[in-house]
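Please see the structure below; I have some questions.
The values are calculated or read from the model by the stated rules, or taken from the named source; none is laboratory data. Just so we're clear, the structure is a prediction, and the values are computed from it rather than from any experiment. For neighbour counting, all protein chains shown are included, and Cβ atoms are generated from backbone atoms with ideal geometry for every residue, glycine included. In case anyone asks, the SASA skips ligands and DNA or RNA and just uses the protein heavy atoms, side chains included. Shrake-Rupley method; radii C 1.70, N 1.55, O 1.52, S 1.80 Å.
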Amino acid sequence: SLIETPYPKEASLAYDKECNLNCITCRDEKYKNSKERLQLYEKICDKLMPVLKKTQIIELSGAGEAFFSEHTRELIKKISEENPAARWKILTNGVLFNTANCKALGIYNRINNVIFSLPALDKTIYDKIMIGSDFNTVIKNIKEALSERDNNKSIKKVTINTVVSNLNYKEIPKITEFAKENNIVIMITQYRYRNTQFGADYYETAVWEQNHPEYENFKKVLKHPVLDYENILFSPRFKKIREMVQ
């Protein structure tokens with residue numbers, strides 16, 4: 001007899017680039033799917049659905065904003081209907097991630113982890129990076145997610161992802177303090193160039209390089225006591241620098 005092909009436990013869907021923002025660390029302008037690309041996505045998803053119906057954990061999106069793209073929103077609803085046991089890991093800029101949208105998409109009470117991109121708590125710095133966003137709405141939605149985690153248990157874990165460059169490295173202690181006060185996991189990683197205007201000169205953005213004029217200040221930031229927080233995850237590069245300055 002034929003051996004049944006096992007289905008993957010987890011699936012990461014990071015192909016849809018459509019987004020409501022054009023963060024300077026990611027892209028130079030907003031991206032909207034063309035009609036041709038949407039047709040291609042539909043064909044791909046038709047082939048993927050037999051697998052996604054059996055997948056236990058589904059991750060979105062890492063490429064664009066899952067809660068903004070019409071294609072991905074429809075895909076989420078379809079998966080949630082055909083695979084009601086699936087749990088979700090959502091990567092989001094936070095503008096549209098709220099309880100109402102989770103309920104509308106059929107994933108309320110099914111979220112393992114929501115990861116908010118948060119480069120700064122200083123609104124002026126935040127606005128320079130997250131072009132087109134609404135800082136106050138994002139903070140409101142993070143706090144709502146925390147309430148859902150603590151009170152309704154509809155979200156298992158809330159995470160903050162802070163991508164570091166020369167623009168925001170001084171914000172690391174402040175964001176970590178916010179994460180600590182709210183029992184949030186925080187990931188701190190270095191910026192990686194994505195063919196955008198920002199970062200075209202790598203050594204201008206890379207404060208973690210020894211020849212950067214702000215490298216010594218960056219090391220001091222990494223020595224801040226709050227960064228001993230137990231639920232903080234550093235990239236290997238930052239972890240190594242911290243070990244050097246301890």
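Please indicate, with yes or no, whether at least one residue in the range 117-135 is over 11 Å from V95 (Cα atoms), small (G, A, S) and part of a helix (DSSP H, G or I).
Checked against the condition, which is being over 11 Å from V95 (Cα atoms), small (G, A, S) and part of a helix (DSSP H, G or I), the range 117-135 yields no hits at all.
Right, another one. Give me the residue from the range 226-246 that is in a loop (DSSP other than H, G, I, E, B) and either farther than 13 Å from I172 by Cα or without any contact (Cβ under 8 Å) to a residue 12 or more places away in the chain (or both) and, out of that set, least open to solvent (accessible area, probe 1.4 Å).
Per the criteria, the residue is S235.
Could I ask something else about it? Could you figure out which of (1) closer than 15 Å to I155 by Cβ; (2) hydrophobic (A, V, I, L, M, F, W, C); (3) touching a residue at least 40 places away in the same chain (Cβ under 8 Å); (4) open to solvent by 60 Å² or more (accessible area, probe 1.4 Å) isn't true of A100?
Evaluating A100 over (1) closer than 15 Å to I155 by Cβ; (2) hydrophobic (A, V, I, L, M, F, W, C); (3) touching a residue at least 40 places away in the same chain (Cβ under 8 Å); (4) open to solvent by 60 Å² or more (accessible area, probe 1.4 Å) leaves (3) as the failure.
Quick check on the range 11-43: of everything there that is surrounded by fewer than 12 Cβ atoms within 10 Å (Cβ to Cβ) and of a type in the set (D, E), which residue is modelled with the highest pLDDT?
So, considering only residues that are surrounded by fewer than 12 Cβ atoms within 10 Å (Cβ to Cβ) and of a type in the set (D, E), the one modelled with the highest pLDDT is E36.
If you scan the range 147-170, which residues turn out to be part of a helix (DSSP H, G or I) and either free of Cβ contacts under 8 Å to residues at least 24 places away in the same chain or open to solvent by 10 Å² or more (accessible area, probe 1.4 Å) (or both)?
Correct list: S147, E148, R149, D150, N151, N152, K170.
Take the conditions among the aromatic types (F, W, Y), open to solvent by 50 Å² or more (accessible area, probe 1.4 Å) and farther than 19 Å from G132 by Cβ and apply them to Y108. Does it pass?
yes
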